1. How much of the DSSP beta bridge set in the chain is antiparallel, as a percent to the nearest 5?
2. Report, to the nearest 10°, how far helix 157-169 tilts away from the longest principal axis of the Cα atoms in the chain, using its own Cα long axis and a range of 0 to 90°.
3. Tell me the volume per residue, in Å³, of the convex hull enclosing the alpha carbons of segment 86-197.
4. If you line up the Cα atoms of the chain on their principal axes, what length do they span on each, largest first, in Å?
5. What is segment 152-214's relative contact order, in percent, from Cα pairs under 8 angstrom and six or more apart in sequence?
6. Over the chain, with a Gaussian network built from C-alpha contacts below 10 Å, which listed residue (24, 37, 201) shows the highest mean-square fluctuation?
7. Which whole-number percent gives the relative contact order of the chain, counting Cα pairs below 8 Å spaced six or more residues apart?
8. Looking at segment 122-214 only, what percent of DSSP beta bridges run antiparallel? Nearest 5 please.
Ligand SMILES: NC(=O)c1ccc[n+]([C@@H]2O[C@H](COP(=O)([O-])OP(=O)(O)OC[C@H]3O[C@@H](n4cnc5c(N)ncnc54)[C@H](O)[C@@H]3O)[C@@H](O)[C@H]2O)c1
């Protein structure tokens, strides 16, 4: 990513892959330009948010013209580093971690799990789906071999902060945390947390609220 994108808010950066997906759809249907209104209708995000998100990246569109689909496509491909593979470490190979290990991210995105860590791994490592799994006490010794940029954290809550600290100390730049705890990470490390219970409660609240207002 270029320097400008450092100040991009987390909410905006979370929407980038979504923009990319919809712009790909517009491009595939042969559309050459698209307005924030059209994007808004397709994506169910309000047009002001889209314009604000895009404004973080400089002049991507012209007033009254909208956005050039090819330019947007190139921009998002470059910004999301779709041309370059991202190596991911999986930390915690239980129920959730195993599902990630078996899910082939690589098919749709240039992202792949290259190494995993779990206390249940054998002494010299275990291999599942061609991915080596080592014990967590081997993290410092092994991680450096795999050019890992980000980690998926699927460990029990009690182990999450310690593993996040150790990953950050090893130079991992992004952590996708599934443990339902608030983690602290040093500056320069991006943390995205997905708490399924919170997401579910928010959805239930939204459904009930819709019911009340109809
Ligand atoms: N399973 C789900 O549907 C689900 C949904 C939402 C959130 N979560 C959260 O995701 C995390 C993982 O859930 P799960 O169901 O896979 O749990 P799990 O107990 O099945 O798996 C956790 C794994 O982490 C390993 N582990 C423990 N300490 C470790 C360490 N220091 N380093 C590496 N690995 C370590 C354990 O050996 C185990 O294999 C939990 O924090 C859980 O609350 C799970």
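1. On the way: 7 of 27 bridges.
Counting only bridges with both partners in the chain, antiparallel ones make up about 25 percent.
2. Once rounded, the angle reads 80 degrees.
3. Cα-based convex hull of segment 86-197, divided per residue, equals 101 Å³.
4. 63, 45, 32
5. With pairs under 8 Å counted, the relative contact order is 29 percent.
6. 201
7. Once divided by the residue count of the chain, the mean separation gives 13 percent.
8. About 25 percent, rounded to the nearest 5.
We did not get these values from a lab; they are worked out from the coordinates using the rules stated. Everything numeric here is computed off the predicted structure, so don't read it as measured data.
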